Amino acid sequence: MKRLAILAMIALVSNVAYAQNEKVGNKATPVERIKAAKGFKVELLYSVPGDTQGSWVNLCTDNKGRLLVSDQFGGLYRITPPASGETIRDTDVQPVPADIRAVNGMVWAFDALYVGVNDYERKISSGLYRITDSDGDDQLDKVELLRGMEARGDHGVHAVVPTKDGKSLFLITGNTTNPTALAESSPVRQVWGEDHLLPSMPDGRGHNRGRLAPGGIIYKVDPEGKSFEAYASGFRNIFDGAINREGELFTYDADMEYDFNTPWYRPTRICHVVSGAEFGWRNGAGKRPSFYADNLPAAFDIGPGSPTGTTFGYGAKFPAKYQNAFYALDWSWGKLYAVHLKPEGSSYTATKEEFLTGAPLPITDAIIHPDDGAMYFTIGGRKVQSGLYRVTYVGDESTELVEMAPTINDSVALRRSLEAFHGRQDPGAIAVAWPHLAHSDRFIRFAARTAIEHQPVETWSEKALTETNPKIQVEALLALARVAGICPQHTSDSAPPLDTKMRDRLLGAFLATDLSKLDATSQLTLQRTLQIILNRFGQPEDATVQKLIAAIDPLLPSESTELNWLLCETLAGLQSPTIAAKAMAMIEAAPTQEEQMQYARSIRMLKSGWTDELSTAYFEWFLKAANYRGGASFAKFIEFIRADAVASLSKSQKSSLKKILAQKPVKKSALENLGAIFDGRAETKWTLDELSQAAQTGLKQRDFANGRKMFAASGCFACHRFDNQGGMTGPDLTTAGRRYSPHDLLDQVINPSKVINDQFSAVMVLTEDGVVHNGVIVNLGIKKNGGSLVLNTDLTDPNQRVSINRDSIEDLKVSKTSAMPEGLFDRMTKEEILDLIAFVISGGDSGHEYFGN
């Protein structure tokens, strides 16, 4: 392990040295700078001359096995793949005569080339095109615009993917593509909305302000481009997609890096895209958490990055493991992940490995060639140096083609039978779908609810309101709130008045439910449904408000952070007289800045229940939060929350709080800020041997809540993500229990520099003017005219970055010292350390094998 770490450091130094010295525009990244999985060989086939052939972002094969590639801001080119060991000459790259440009996605299907055009420069219409050979001369020359679409920036029209049945195409679009006219048969109904009970906050830096639901959409399109169905929605910026043997669609969605360390940050994610799916992207602080019942969770969170191409490994002359992998490309980090999917119920779970990495390696697209079984991939995009590569397997394992028949388990078959009702009205749909609203499989519940939402509401509304099975009713009420309510986003002068009778009946059904007897899943669903009712139908009369407060107030606080999220918002929206005190107590007890920030934003417009003591504590929290760290918009979001809180004060409150409102924060480091509970403690230099010996017998029956508290107090959340909370500048530790024994984990903390993850290795950069910078490389700017190296100089603050002109670098060395500080255990007791280790090893599962029954 130590030798591998040293080799990784050497590779990183050479990668960065190359990025520093190589003259951009001369040639693509050499294969010596690309690290592949064991047994794989990478060939650089062609360095693209940027001045004449641009920067390539897509590739596919035509009906004769030739490669077609696209320049992001130019035209198409055709190439015959060279034999093994040979490269491509300039004369082998033939321009395609079709008058087309800015192709961001393409596929050969139905005897034609279908392309998604996303033209930033608006020289032609963005949208879906079909390109054919008009006269049989083996040249693509006829261009048909099948559907023009309005798109802006690089979150526009992207990939085209044939469906498994060979009858249709999926068109993948990002969240700045305006929705197009939809067929009546769309699985996604146009009842989407923001559905925020409390006013949301736009991005702090103004990104995509005003861009509302539904976000990015995947359309299902007929070959003639006449019928556009919205198959799934709620994406940020999906660039590609791929279909597995079973006919299931997968995509790789983008994060919003400005949101790092906020409660609404969502990492780049692998999504299993099913009929009617909603994945919850909303603008600014409005992104939906995965536990919201009205959207679906990701199959797997990758981490920070810039998603581009995807493909399955089917047909590759690779070992079986890699033939079955789903490949996901990350442009900014220069990584090609092999994602290993595992069926679970009607959906999937996943793990990932780094199949290829390089620097610079702005990887854009990858395919498996159907003839030679090799992987071909391109680097480029945004006018950077481009190249075409080939990956083959030269190791010792068998590459025999895996002939696996599609496996449809009972859960998938059930989900698909329910999806058959999406987009159409059927008299039998209610009877078939209704019982499955209580199914334990979330994707089946979602399919059943969507099937019901497509039926005339008058045929099932009474059934929903009077249902006696609470597991069924909570889902039925969610469906009714969505289809019968008017989303404020869609209101206009011609909109019908609010249906107050339906609102009152929905709230009556809510109040008739014995909340204390709901299981955790049903409770979350019902509480989210209440928010949608109040958002879409408006608040009821005061007597009903008081009943609602009386019903849900006893539930807060709960042991569930997800339930606390919903209850705090709802009670604040209802102006509960108790929520100010409860929220401040939860802020005080919450170990992570994300939780604290969520409660603080929930009560920012609260006007009832405040005392001078509570108000003072609230504004003192802002002084503390000023030292919290996050993405580029983090500080602005804190400002927004505080501004709303101040605006909600009365004149007399402002007067009595004058002193605290005028107070300025005292700057502290993240570790000082988070570790205040250790103040005054003496230090103990714990050794690995004594703690490892204690862990052998001392990890049973640990206090996980205290372990989580220690994880936060020692600053771990500042850099590491755990169970969808925490920073992104260090490795995600949610699955650390799968990789480390307690001894190994203790060793990593006590001796942080013993083995350093090469992705997070610190470097020292000396510039020509004598300035020294220390930090972790987070990006390599590779612009056409020169470039930059971007360092994160403080891992506790992802926004603390410096950009260094590569031409000005005099020397660069990888540090042998980890960016993680030593002595993190020094002020903890042995019991606190064991609680922390148990918490991390468990991955949040107290039933882990180490901890007994």
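The values are calculated or read from the model by the stated rules, or taken from the named source; none is laboratory data. Keep in mind it's a predicted model, so treat the numbers as computed, not measured. When we count neighbours, we look across all protein chains shown, and the Cβ atoms used for this are built from the backbone with ideal geometry, even at glycine. Side chains included, ligands, DNA and RNA excluded: accessible areas come from the protein's heavy atoms. Shrake-Rupley method; radii C 1.70, N 1.55, O 1.52, S 1.80 Å.
Taking θ as phi - 60° and the Karplus parameters 6.51, -1.76 and 1.60, the scalar couplings of region 62-68 work out to 8, 6, 10, x, 7, 7, 10 Hz in sequence order, x denoting glycine and proline. For the chain, the relative contact order works out to 11 percent when only alpha carbon pairs closer than 8 Å and six or more residues apart are counted.
Here the accessible area is traced with a 1.4 Å probe on the protein chains. For region 96-246, carbon and sulfur cover 44 percent of it. Per residue, the convex hull spanned by the alpha carbons of region 192-233 comes to 87 Å³. Relative to the current alpha-carbon distance between Arg89 and Ser803, full extension at 0.36 nm per residue lengthens the span by 253.4 nm.
Rounded to the nearest 0.05, what FRET efficiency do Lys607 and Arg382 give with R0 = 60 Å and r taken as the Cβ-Cβ distance? Could you check? According to the calculation, E is roughly 0.80. Each peptide in 98-105, 48-55 receives the mean, over its residues, of other Cβ atoms within 10 Å, and ordering these scores from highest gives 98-105, 48-55. The listed peptides 701-708, 513-520, 411-418, ordered by packing as a protection proxy, come out as 411-418, 701-708, 513-520 (highest mean of other Cβ atoms within 10 Å first). Split the accessible area of region 522-664 by element, probe 1.4 Å, and carbon with sulfur accounts for 53%. If R0 is taken as 56 Å, the Cβ-Cβ distance between Thr521 and His743 corresponds to a FRET efficiency of 0.95.
Quick check: from the Cα gyration tensor, does region 538-660 come out rounded (a/c under 1.5), prolate or oblate? Oblate, because a/c is 1.5 or more while a/b does not exceed b/c. What you get for region 60-207, charging only the Cβ of Lys and Arg (+1) and of Asp and Glu (-1), is a dipole of about 300 debye around the Cα centre. When we measure straight from the Cα of Lys317, which aspartates and glutamates land under 13 angstrom away, once same-chain ones fewer than 8 places off are left out? Within the straight-line cut-off, Lys317 pairs with Asp371, Asp372, Asp396, Glu397, Glu400, Glu403. With N the number of residues in region 106-239, Rg(Cα) / (2.2 N^0.38 Å) evaluates to 1.15. The dipole here belongs to the chain: it is taken about the Cα centre, uses +1 on the Cβ of Lys and Arg and -1 on the Cβ of Asp and Glu, and is about 1580 debye.
From most to least packed by mean Cβ count within 10 Å, the peptides 213-225, 733-745, 617-629 give 213-225, 617-629, 733-745.
Taking amide H as placed 1.01 Å from N in the peptide plane, the amide H of Ala109 sits under 5 Å from that of Tyr114, each at least 5 places away or on another chain.
Residues of region 248-292 falling in the label zone of Ser440, defined by backbone nitrogen less than 17 Å from a point 7 Å along Cα to beta-carbon, are absent. If you stretched the chain out fully between Lys41 and Thr349, how much longer would it get, using 0.36 nm times the residue separation minus the C-alpha to C-alpha distance? Between Lys41 and Thr349, full extension yields 108.0 nm more. If the segment from Ser560 to Thr500 were pulled out straight at 0.36 nm per residue, it would be longer than the present Cα-Cα gap by 18.4 nm. With the simple model of a label 7 Å out from the Cα in the direction of the Cβ, Lys816 to Ser656 spans 6.2 nm. Other residues with beta-carbon under 14 Å from the beta-carbon of Ala647 carry, at +1 per Lys or Arg and -1 per Asp or Glu, a net charge of +4.
Pick the calculated P(r) over Cα pairs in 20 Å bins from 0, in percent for this structure from [x] 14, 45, 35, 6, 0; [y] 13, 38, 30, 14, 4, 0; [z] 14, 44, 32, 10, 1? Label of the calculated value: [x].
How large is the dipole of region 364-522 about the Cα centre if only Lys and Arg carry +1 and Asp and Glu carry -1, each at its Cβ, rounded to the nearest 20 debye? Rounded to the nearest 20 debye, it is 700 debye. Step through the table entries Lys35/Lys754; Lys547/Lys607; Lys335/Lys700; Lys287/Lys607, compare each Cα-Cα distance with 29 Å, and write down the pairs that go over it. Flagged as over cut-off: Lys335/Lys700. Within region 254-352, what whole-number % of the accessible surface is contributed by carbon and sulfur, with the 1.4 Å probe and all protein chains included in the calculation? The nonpolar share, carbon plus sulfur, comes to 50 percent. By DSSP, the beta bridges lying fully in region 198-333 are antiparallel in about 90 percent of cases.
For region 144-218, relative contact order (Cα pairs under 8 Å, six or more residues apart, normalised by length) works out to 31 percent. Approximating the spin labels as points 7 Å out from Cα along Cα→Cβ, the Val646-to-Ala512 distance works out to 4.9 nm.
Under 5 Å between amide hydrogens, built in the peptide plane, is the criterion, and for Leu146 it picks out Leu128, Tyr129, Arg130 among residues at least 5 positions away or on other chains. In the full protein context, the chain carries 41 Å² of accessible surface per residue, based on a 1.4 Å probe and ignoring ligands, DNA and RNA.
Computed over region 305-415, the percent of Cα pairs more than 16 Å apart is 62. When a/c reaches 1.5 or more, the comparison of a/b and b/c decides; with that in mind, is region 281-352 rounded, prolate or oblate per its Cα gyration tensor? Oblate.
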